[in-house]
Amino acid sequence: MNHPVDCPICDQAGECKLQDYWLSSQHELKRKRTERVHKPKAQSFGETIVYDAERCIMCTRCIRFCDEVAHDHVLDMRERGNTNEIVLSPGRTLDHDYTLMTEHVCPVGALTSRDFRFKARVWFLKSAPGVCTGCATGCTTWVDFDPRYERVHRLRPRDNEAVNQYWMCDDGMLSYHRFHEDRIITGRVRGASGVSEVTRGEAVAAAAQVLGKVDDGKLGVVLSAQHSSEDNYVAALLAEDVFATNHIYLTGRPAWKGDDILRHPDANPNRAGALAVAGRAPADMDQLARDIESGDVQAVLSLGPDTDASEAALAPLANLAADGVGPGAHVNLTSRAGRLPRAASVVVPVPSVAEMSGTFVNAKGIAQTFRRAVAAPGGIVPAWGALLEIGRAQGWDATLSRLGDVRDAMPRELPTESEAAASSPA
Ligand code: SF4
Ligand code: SF4
């Protein structure tokens, strides 16, 4: 009776259960003729959530989510009847690591996410099955994107009993910003006069040229726990078949704060997948630094923007790149800026996770595939495709050409996709 029915300006319109019930069961004008009860609107609950008490139907889902899943009794209900509202515990804000799930469980537009508010209408969005890149839990997601602008607007949990049940953490929900921010979409080559932008094709040619000068067995190949199993598999295959090297390393984002709900201390989605396809136990970045300094490694090919290497361990890699595309080069394949591309002499742009399909294996050993949501800018191709181009320039006769070929060639002892990962859009 007191609901404002402000659907045209409400973020939940298009996915609101109350709107659905009105349409299916009532479908007529409001019967209330007197002034409705007014309550607080656009009330800040914290950095992520805004509360509109007039739209609240007092279902208490948000309270129960905080109590039962986040284990933090930060929300409660006050008053009775049509004056009741959801309130914060005295002196608190909604500030645990799962605040955006309160918006996710809210069936109406009472709790809205500051990140998504007024950015898109849900009927313009499409959804692609994804996997969160925030940590080794690998929460199963829907990637909601606007196909008109090739832009991802949010991530949502995709129900998967075996991995994340129905939830995601705030950092994972907001990790889609990395799909569009700090992007590298053109090639970069370091020369005597500094770093210049080149086309993707020129960057691949420069990478092939410099790596062609490296002695057999002297190339260091750095796999990435942030990249798909397919990317890592082709990098490991290239190391063995073309450069005859045993110098394989693995890096990724540094460890972060885990918890006993969902978040894994390893902030990378695919360490297990990279290890499974490496074909041997990769060394760490400290070992790479020692191998460069001893001359065992003359040049480096690396995947991804992020590294857990210390500044001291990264220095020899940066020194390799300092002279431009000389014999001691560092070629990096990345979708965005980071510490590895900053220490590279050649940077080859590759798609973000939202712009490609692939496989991640989480810390429990469950393999999950994700599908391309939006188009990659400028015709850039996944790292496994760019690596094939670099290899073919050295005369590699690999028969792989499509994603399916790469998946078929990957080691059979890899975990297969969990059946539990399959579910349908909410
Ligand atoms: S989940 Fe939404 S509608 Fe339900 S009590 Fe909380 S704010 Fe109100
Ligand atoms: S727990 Fe890890 S995988 Fe899940 S949403 Fe958070 S960051 Fe992403």
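Inter-part distance, segment 345-373 to segment 47-63, computed on C-alpha centroids, equals 35 Å.
From the helices alone, meaning DSSP H stretches of at least four residues, give me the mean residue ellipticity at 222 nm for the chain, per-run term -39500 (n - 2.57), in deg cm²/dmol to the nearest 500.
Details: 12 runs with 101 residues, N = 426.
Here the helix-only value at 222 nm equals -6500 deg cm²/dmol.
Here the dipole of segment 195-322 is about 100 debye; that uses its Cα centre as origin and unit charges on the Cβ of Lys and Arg (positive) and Asp and Glu (negative). About the centre of its Cα atoms, segment 63-131 shows a dipole size close to 440 debye [charges on the beta carbon of Lys, Arg (+1) and Asp, Glu (-1) only; nearest 20 debye]. Among the listed pairs K32/K119; K218/K257; K17/K41; K119/K257; K126/K364, those with a Cα-Cα distance over 27 Å are K32/K119; K218/K257; K119/K257; K126/K364.
Ordering S224, A281, A207 by Cα displacement along the dipole of segment 180-287 toward the positive end leaves A207 in first place; charges were set at the Cβ atoms of Lys, Arg (+1) and Asp, Glu (-1). P(r) tail for segment 35-116, what percent of Cα pairs lie past 20 Å? Distances greater than 20 Å cover 23 percent of the Cα pairs. When segment 81-182 is described by a simple charge dipole with +1 on each Lys and Arg Cβ and -1 on each Asp and Glu Cβ, the residue from N82, T93, T140 located farthest towards its positive end is N82.
Taking the Cα centre of the chain as origin and assigning +1 to Lys and Arg Cβ atoms and -1 to Asp and Glu Cβ atoms, the resulting dipole is close to 1540 debye. Peptide packing: for 307-317, 350-360, the average count of neighbouring Cβ atoms within 10 Å per residue gives the ranking 350-360, 307-317, highest mean first.
The residues of segment 61-160 expose, per residue, 42 Å² of accessible area to a 1.4 Å probe.
Among Y249, Y21, the order of accessible area from largest down is Y21, Y249, computed with a 1.4 Å probe on protein heavy atoms. Surface composition of the chain: carbon plus sulfur atoms hold 51% of the accessible area, using a 1.4 angstrom probe and ignoring ligands, DNA and RNA. Between the listed residues T369, A337, V381, the Cα displaced farthest toward the positive end of the dipole of segment 321-384, a dipole computed from Cβ unit charges relative to the Cα centre, is found at T369.
Each listed q (0.08, 0.14, 0.17, 0.21 Å⁻¹) maps to a log10 I(q)/I(0) for segment 135-289, found by the Debye formula over equal Cα scatterers with no solvent: -0.32, -0.92, -1.17, -1.33.
Measuring only protein heavy atoms, the 1.4 Å probe finds K119 accessible over about 110 Å².
What's the extension gain from E15 to V122 if we count 0.36 nm per residue and subtract their Cα-Cα distance? Present the calculation step by step, with values, prior to reporting the outcome.
Values: separation 107, 0.36 × 107 = 38.52 nm, distance 0.74 nm.
37.8 nm is the gain from fully extending E15 to V122.
Which GluC sites (Glu not before Pro) does segment 55-104 hold that lie in a coil by DSSP with at most 13 other beta carbons within 10 Å? Here the sparse-neighbourhood loop sites are E79. Rolling a 1.4 Å probe over the heavy atoms of the protein chains gives segment 238-384 an accessible area of 35 Å² per residue.
Taking D405, D286 and ordering them by how much accessible surface each has at a 1.4 Å probe, largest first, produces D286, D405. Ranked by the mean number of other Cβ atoms within 10 Å of their residues, highest first, the peptides 180-193, 329-342 fall in the order 329-342, 180-193.
The values are calculated or read from the model by the stated rules, or taken from the named source; none is laboratory data. Note that the structure is predicted; figures quoted are calculated from it, not measured. No Cβ is skipped: glycine too gets one built from the backbone with ideal geometry, and neighbour counts run over all protein chains shown. To get the accessible areas, we keep the full protein, side chains included, count just its heavy atoms, and leave off ligands, DNA and RNA. Shrake-Rupley method; radii C 1.70, N 1.55, O 1.52, S 1.80 Å.
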